[in-house]
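Structure first, commentary second.
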Amino acid sequence: MCAALASAVQSASAKCGNVDYSWGADALAMMHDYVVTMMVSLVYLVYAISSIVAIISAFQIYYKMQIGEDGVTKNITTLIGAILFIIGATIVLPAFFGYQVSG
């Protein structure tokens, strides 16, 4: 049984030393085009999720202000930081690397 398992592992091992790299540049170009195409969809998805989270956070801040709970300043600072991060991640960083994400 051990010999049967050992032979099954040997038949499934990868070939060594015989790799064809001729398709590498074309595959890299196709991957780049796919990522850039998906970037627009991802930006819209991030905008939708972040707007929902911002609305929920604003309601939580309003609720805490009405009750008089501590930590309102921390929540406001966190919300502003999250908004700045979303702006940076979806507008500034792609522009820095030479991409213009537009719908």
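Things worth noting here:
- Region 55-73 residues that are on the phi > 0 side of the Ramachandran plot, paired with ones that are surrounded by 12 or more Cβ atoms within 10 Å (Cβ to Cβ) and at pLDDT 90 or above (beta carbon under 8 Å, 6 or more apart): Gly71/Lys64
- For region 55-90, residues that are closer than 25 Å to Gln100 by Cα, out of contact with any Phe, Trp or Tyr (no Cβ under 8 Å at 6 or more places or on another chain), surrounded by 11 or more Cβ atoms within 10 Å (Cβ to Cβ) and not aromatic (Phe, Trp, Tyr) total 6.
- For region 28-54, the set of residues classified as exposed (fewer than 11 other Cβ atoms within 10 Å of the Cβ) and small (Gly, Ala, Ser) consists of Ala29, Ser41, Ala48, listed by residue number.
The values are calculated or read from the model by the stated rules, or taken from the named source; none is laboratory data. Note that the structure is predicted; figures quoted are calculated from it, not measured. Cβ: placed from backbone, ideal geometry, glycine included. Neighbour counts: every protein chain shown.
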